[in-house]
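The values are calculated or read from the model by the stated rules, or taken from the named source; none is laboratory data. Keep in mind it's a predicted model, so treat the numbers as computed, not measured. Cβ: placed from backbone, ideal geometry, glycine included. Neighbour counts: every protein chain shown. What goes into the accessible areas is simple: the full protein's heavy atoms, side chains included, and nothing from ligands, DNA or RNA. Shrake-Rupley method; radii C 1.70, N 1.55, O 1.52, S 1.80 Å.
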Amino acid sequence: MQKFLRSSAVGLTLLLVLAACQGNNAPGGGSTSGSGAGGGSKGTVKIGVDLPLSGNEVANGQPTFNGIKLAVDEANKNGGAGGYKIEINKQDDAVNGVHNPDQGATNAKTLVADPAVVGMVGPFNSNVARSIIPVTNEAGLAECSPSNTAVDLTKTGSDKLRPQNPDKRNYFRLAAPDDIQGPAMAAFDYNDLGKKNAYILDDTEAFGKGVADEFQKAFVKLGGKVAKRDGQKYSASVDYTSLFNSVKSLNPDVVYFGGTQVTGGGLARKQMVQAGMGAIPFTGPDGIADLGTGGSQGAFITLAGVDNSHDVYGTVAGVHDLPSGSDFSSRYKAAFQNDPGAYSAIAYACTQVLLKAISDSAASASDMKSLREAVRAYVFDASKTYDTALGKISFTSTGDIKQAFISFYKVDPSLNGGKGGWTFVKQQAFEGGQ
Amino acid sequence: MTFRILRLALIAAGALVISWLLMIGLTWLGTRSESFSNVVATGTAQYFSALTIGAIYALIALGYTMVYGIIELINFAHGDVFMVGAFVAYLIFTSLGFGGAIKSIPLLIGILLLGFLVTMVVLGVLGAAIERFAYRPLRNAPRLAPLITAIGVSFILQNVVQVLISNSPVPSPQLVSLEYRFTLLGASVPLLNLLIFLVAVVLMIALQVFVGGTRLGRAMRSTAQDREAAQLMGVNINATIAITFFIGSALAGAAGLIYGLYKGNIVFNLGFDAGLKAFTAAVLGGIGNTVGAALGGFAIGFIEVAAVTTGLSRWQEALVFSVLILVLVFRPAGILGQQIGERA
């Protein structure tokens, strides 16, 4: 018996190893090519992509990736960019279903090591950006994030992220930074909802704590009171009820959560109801406003439960009413049979900017290395303007968009046949950038 | 026997009252400007949160301590057994078609009882199987071998759930509606919290009665005391150890089910975090000692909530483990000590 057990255990282990090896050989590696006929005569260049694309992050990453893919496919149909056919080198920075800065850095190294990558879109999360920018900066790769909002990625403190080439910026973004997004929700809570006493909770991450700090400053400046400020790092066994118990008697009339639905936003709302505070509005940044339908994997409404998702408001750091009207949405829907996510159009625009830079610099560049540098120099020429799905846009010399927008959304639990969804409330322009 | 249980009950009741007052005091420290009635209400709400979290840690800690008591193995896979329990309960409830609150009370009780029964049996069998295949062949091997095997089993369980079910949090059905609440001293507490505490207490009393008062329990205690002597007296060692694993894992299964009901989100790696805290609870109470494990579990739940209520939420983990270090410096064997005589 003992012998049989031992040999069967060895056999089982071997089988497992074999199965695992087979899994690795399966097709579908990191690189997907942009489909579509046509393409250029000069060969292929790639746009690198780093987004969280697995687990609960699917709700964030996939619609964003689709925006990039749509732009690349459309460009290829029209002959590519600057005579090149465009491909995508796609990397996933989610580990165990949550975005991971270390994985982001590894992915960035993979992307800069691919000589055909001349521009990059991503990442989705600000803490991932902090570990990616040093890598792409060293390689001089132009990087456009559709959704990063942490202030110090482009403004004060950003030189720390460029230890190798402090004077050669390469990172720019289309989302309005948190010193716009946080104050925007503060004004919304104070003026539109008429709330004066806020409980502010963050997930202690770069993005979450940063945006909550900006919210707090602005809310106090408007005349609001901060009932209490807490930070709770998300972990598998975290519990929020005691936090909400502790503020109940302080009578907050609004809650601001700095973080994402995956780092506790959904659970916090659920446990807020558990603590008997469900009637108080729960507001937060684009981290919770994923615009996903209840029931779809990783969406805020799924994690919070549709029964608990009433009175939830969120901002998206981009424009809602696209100048092209419903044109973008209908093309997106035709390609992916789904409504665009919060950052689909912005990721599409990021890709448009890079494609324009490739197209205009292709003639002057002799090889991939010089093309990569030419693209980087092009996007940091502050005089350039771009016609994108977001309208005419341009950038400051630090890489922030001059035409910043914040859009406000609210959860409507009755949408999608009772599964819940987000509805648009209003949008606000912050012209000029900073 | 009856005297011992009576004494325990008295001590437990005393501890419950004292910790309640302590929590109200700590809440007052955290929110000094508040009116007295507000402090009492907040402290009471916090107290019930602490009892609920503590009950879950305590149920897991029992499995650690029972296994250590009988074969002196720190079963690092135990936290993941708890996690599997949460997922088994999730699969039972969702496959029966229950995704949310059940309105009919008799149906709710029936489904919960069925859930507990099936989850505990499945997990008990899983625990006994882990012992049979991963630990028993190594029973006479050097200490490190089963320890590493336990870590291996932990990773295997996580990996299996990660691949077969989900690699990220899944919403587990909250069968008990949060609308069922009771109000005590101004605090509105979900009935679910009280239910969880009571279920945990019933299971712990059942365990005490089983270990202290049945033939099998006596076999467990004697095996823990001196395995060879017990064998000479006719105790079936293999069966006794298997039963210990069965019971410990069944309790972890119950804890998993409770966790899912309470939290509403479960994830494949939650066993590591919760398991580490529960292991700490077992050491804090005195490893090998079942009463100590329960006490340690509640103590950790209490410290976690106390950290929040005093406004030190960012320091939660440091506080929990500072208390552990302090206790161990002054009482290396834990609060209640190892109780070598009847440590099973």
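Among the residues of the range A:325-351, count how many are touching a strand residue (DSSP E or B) at 6+ places or on another chain (Cβ under 6 Å) and surrounded by fewer than 24 Cβ atoms within 10 Å (Cβ to Cβ).
0
Out of curiosity, is A:ASP360 open to solvent by 40 Å² or more (accessible area, probe 1.4 Å), charged (D, E, K, R) and assigned to a loop (DSSP other than H, G, I, E, B)? Step through it out loud before you land on a result.
On the way: open to solvent by 40 Å² or more (accessible area, probe 1.4 Å): yes; charged (D, E, K, R): yes; assigned to a loop (DSSP other than H, G, I, E, B): no.
No; evaluated as a whole, the condition is false for this residue.
State all residues of the range A:115-149 that are acidic (Asp, Glu) and either more than 18 Å from A:ARG372 (Cβ to Cβ) or open to solvent by less than 10 Å² (accessible area, probe 1.4 Å) (or both); if no residue qualifies, say none.
The first filter runs over the range A:115-149 and keeps only residues acidic (Asp, Glu), leaving A:138, A:143.
Scanning the range A:115-149 gives a single hit, A:GLU143.
What number of residues in the range A:193-222 are of a type in the set (Val, Ile, Thr), within 12 Å of another protein chain (Cβ to nearest Cβ) and under 12 Å from A:GLY182 (Cβ atoms)? Steps first, answer last, please.
Our first condition is that a residue be of a type in the set (Val, Ile, Thr); within the range A:193-222, this holds for A:200, A:204, A:211, A:220.
Restricting the remaining residues to those that are within 12 Å of another protein chain (Cβ to nearest Cβ) gives A:204.
From the residues that got through so far, the ones that are under 12 Å from A:GLY182 (Cβ atoms) too are none.
Looking only at that region, the number is 0.
When both residues are 6+ apart or on different chains and their Cβ atoms are under 8 Å apart, which pairs have a first residue that lies in the range B:166-195 and is over 23 Å from B:SER104 (Cβ atoms), and a second that is of a type in the set (D, E, K, R) and crowded, with 19+ Cβ neighbours inside 10 Å?
B:SER168/A:GLU57
Criterion first (buried (at least 24 other Cβ atoms within 10 Å of the Cβ), in a helix (DSSP H, G or I) and within 14 Å of chain A (Cβ to nearest Cβ)) does B:ALA255 satisfy it?
Details: buried (at least 24 other Cβ atoms within 10 Å of the Cβ): yes; in a helix (DSSP H, G or I): yes; within 14 Å of chain A (Cβ to nearest Cβ): yes.
When the stated conditions are applied, B:ALA255 passes them.
Which of the residues belonging to the range A:229-252 are touching a helix residue (DSSP H, G or I) at 6+ places or on another chain (Cβ under 7 Å) and not in a helix (DSSP H, G or I)? Working first, answer last.
First, pick out the residues of the range A:229-252 that are touching a helix residue (DSSP H, G or I) at 6+ places or on another chain (Cβ under 7 Å): A:229-232, A:234-246, A:248-249.
Within the range A:229-252, A:ARG229, A:ASP230, A:GLY231, A:GLN232, A:TYR234, A:SER235, A:ALA236, A:SER237, A:VAL238, A:ASP239, A:TYR240, A:SER249 qualify.
Note down all Cβ pairs under 6 Å where the first residue falls in the range A:223-248 and is at the interface with chain B (Cβ under 7 Å from one of its Cβ atoms), the second is in a loop (DSSP other than H, G, I, E, B) and not hydrophobic (A, V, I, L, M, F, W, C), and they're at least six residues apart or on different chains.
Going by the 6 Å Cβ cut-off, the qualifying pairs are A:GLY231/A:THR204; A:ALA236/B:ASN269.
So, B:LEU91, is that one within 30 Å of B:GLY271 (Cα to Cα), at pLDDT 90 or above and more than 14 Å from chain A (Cβ to nearest Cβ) or not?
Working: within 30 Å of B:GLY271 (Cα to Cα): yes; at pLDDT 90 or above: yes; more than 14 Å from chain A (Cβ to nearest Cβ): yes.
For B:LEU91, the condition - within 30 Å of B:GLY271 (Cα to Cα), at pLDDT 90 or above and more than 14 Å from chain A (Cβ to nearest Cβ) - is met.
Please go through the range B:217-238 and give me each residue that is surrounded by fewer than 16 Cβ atoms within 10 Å (Cβ to Cβ) and touching a residue at least 12 places away in the same chain (Cβ under 8 Å), ordered by number. Reasoning before the result, please.
Going residue by residue through the range B:217-238, those that are surrounded by fewer than 16 Cβ atoms within 10 Å (Cβ to Cβ) are B:226, B:228-229, B:231-234, B:236, B:238.
Within the range B:217-238, B:ASN236, B:ASN238 meet the criteria.
Does A:ASP152 fit the bill of being part of a helix (DSSP H, G or I), open to solvent by 10 Å² or more (accessible area, probe 1.4 Å) and touching a residue at least 60 places away in the same chain (Cβ under 8 Å)? Break it down into steps so the answer makes sense when it comes.
On the way: part of a helix (DSSP H, G or I): yes; open to solvent by 10 Å² or more (accessible area, probe 1.4 Å): yes; touching a residue at least 60 places away in the same chain (Cβ under 8 Å): no.
No; evaluated as a whole, the condition is false for this residue.
Please enumerate the residues belonging to the range A:46-73 that are touching a Gly at 6+ places or on another chain (Cβ under 6 Å), more than 14 Å from chain B (Cβ to nearest Cβ) and not in a helix (DSSP H, G or I).
Scanning the range A:46-73 gives A:ILE47, A:VAL49, A:ASP50, A:LEU51.
Which pairs have Cβ atoms under 6 Å, sit 6 or more apart or on different chains, and link a residue in the range A:75-88 that is part of a loop (DSSP other than H, G, I, E, B) to one that is among the small types (Gly, Ala, Ser)?
A:GLY79/A:GLY38; A:GLY80/A:GLY39; A:GLY80/A:GLY40; A:GLY82/A:SER359; A:GLY82/A:ALA362; A:GLY83/A:GLY40; A:GLY83/A:SER41; A:GLY83/A:ALA362
Quick check: anything in the range B:167-181 open to solvent by less than 50 Å² (accessible area, probe 1.4 Å) and at pLDDT 90 or above?
Checked the range B:167-181: no residue is open to solvent by less than 50 Å² (accessible area, probe 1.4 Å) and at pLDDT 90 or above.
Each row is one residue, and each column tells you yes or no for (1) in contact (Cβ under 8 Å) with a residue 12 or more places away in the chain; (2) of a type in the set (S, T, N, Q).
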| residue | (1), (2) |
| --- | --- |
| A:ASN165 | yes, yes |
| A:ARG169 | yes, no |
| A:LEU174 | yes, no |
| A:GLY194 | no, no |
